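The values are calculated or read from the model by the stated rules, or taken from the named source; none is laboratory data. Everything numeric here is computed off the predicted structure, so don't read it as measured data. Positions of Cβ are generated from backbone atoms using ideal geometry, with glycine treated the same way; all protein chains shown enter the neighbour counts.
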Amino acid sequence: MQLPEIVSYERLDLARACNRGQRGPIDPGAVRSPVALVGILRIAYVRVDARDSQGTYRPLKPLTAQESVPVVLIEQEPPRSTWLEQLHAAERLSAKPALIPDEPQSRSVVIGLVAELCAEGGFGWCRRLQMIQRLSAADASERDKRTAGYLNHKYGRGSPYDAEERSEAIVSFFATRLRSQEATGSWLFVGRQVTAVDLAWAAFAALLRPLPESDCPMHPRARELWSWTPKSIDSKDVAMLLAHRDRVYREFLMLPVPTQ
């Protein structure tokens, strides 16, 4: 599946940021669920490089009161920097296919499952905490230690839970969920139509095992850090989860993953 045409790729201009259509600053190295949203929903957008000359996202601070990407800007509306805001905005801009079910019980399941991946304390958050531990090892390079300091500033915050234990619990839960769905004849996490959960897992599965280099070019050190073998599920469950990711990309998204 092809992504919508990218009208242009430009640097963030705060003076114009809220005055020209839809745009979303996207980190080339980020887990790419917002790109998945605009891809499957066929939403035209302008892609913006929000980094300054030092490679930081400080230019976002006056606009969004934070320095993380992605951020979605739609005309005169307030900036959206959280996954739930972005998901609801995408649904409003293009309702087909519906990624959030209308029925309340299914809707709450979808949003709850996406939160287990995207929210603070979720899978993506905890995997980053695990990376911080590896990057902070006594024999780590100076570059690794600087990266650890940056990530710790964003994600550390004296987390009250064990990151590895929670990552294990979440990936085990998703494997159990997908097995139960397959037993009913569905390869999807909720029901029989693709939802936001399937797109979110396809993106966050990179923190289990990234896509092949031919589909998603990565620095070797980044690929090493993102790869992780959970102990709570066996190799068959890992293969099942990755097969789901691969099918979502084949049928709904774009390969290779766009990096520019």
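May I ask you to say which residue of Leu199, Leu241 is part of a helix (DSSP H, G or I), touching a residue at least 40 places away in the same chain (Cβ under 8 Å) and more than 15 Å from Ile170 (Cα to Cα)?
Only one candidate qualifies: Leu199.
Is it the case that Glu85 is in contact with a Gly (Cβ under 6 Å, 6 or more places away or on another chain) and either in contact (Cβ under 8 Å) with a residue 24 or more places away in the chain or not assigned by TED's automatic domain parsing to the domain that holds Leu188 (or both)?
Considered against the rule, which asks whether it is in contact with a Gly (Cβ under 6 Å, 6 or more places away or on another chain) and either in contact (Cβ under 8 Å) with a residue 24 or more places away in the chain or not assigned by TED's automatic domain parsing to the domain that holds Leu188 (or both), Glu85 comes out as no.
Quick check on this structure: which one of Trp187, Trp125 is of a type in the set (Phe, Trp, Tyr) and over 29 Å from Gln66 (Cβ atoms)?
Details: Trp125 fails: over 29 Å from Gln66 (Cβ atoms).
The match here is Trp187.
State yes or no: is Leu113 under 17 Å from the mean Cα position of the chain (by Cα), under 21 Å from Ala90 (Cα atoms) and surrounded by 13 or more Cβ atoms within 10 Å (Cβ to Cβ)?
yes
Does Ala89 satisfy the criteria of being farther than 30 Å from Ser235 by Cβ and within 19 Å of the chain's Cα centre (by Cα)?
So Ala89 passes the test.
Could you check, for the stretch 46-59, whether at least one of its residues is modelled with pLDDT of 75 or more, hydroxyl-bearing (Ser, Thr, Tyr) and surrounded by fewer than 18 Cβ atoms within 10 Å (Cβ to Cβ)?
The answer is yes; a qualifying residue exists.
Go over the candidates Gly185, Gly158, Gly149 one by one and state the one that is farther than 21 Å from Ala239 by Cα and assigned to a loop (DSSP other than H, G, I, E, B).
Working: Gly185 fails: farther than 21 Å from Ala239 by Cα; Gly149 fails: assigned to a loop (DSSP other than H, G, I, E, B).
Matching residue, one of Gly185, Gly158, Gly149: Gly158.
Is there a residue being of a type outside the set (A, V, I, L, M, F, W, C) and on the phi > 0 side of the Ramachandran plot anywhere in the stretch 82-103?
No: zero hits.
Considering (1) closer than 17 Å to Arg127 by Cα; (2) exposed (fewer than 14 other Cβ atoms within 10 Å of the Cβ), say which one Leu211 fails and leave the rest.
Leu211 satisfies all of (1) closer than 17 Å to Arg127 by Cα; (2) exposed (fewer than 14 other Cβ atoms within 10 Å of the Cβ) except (2).
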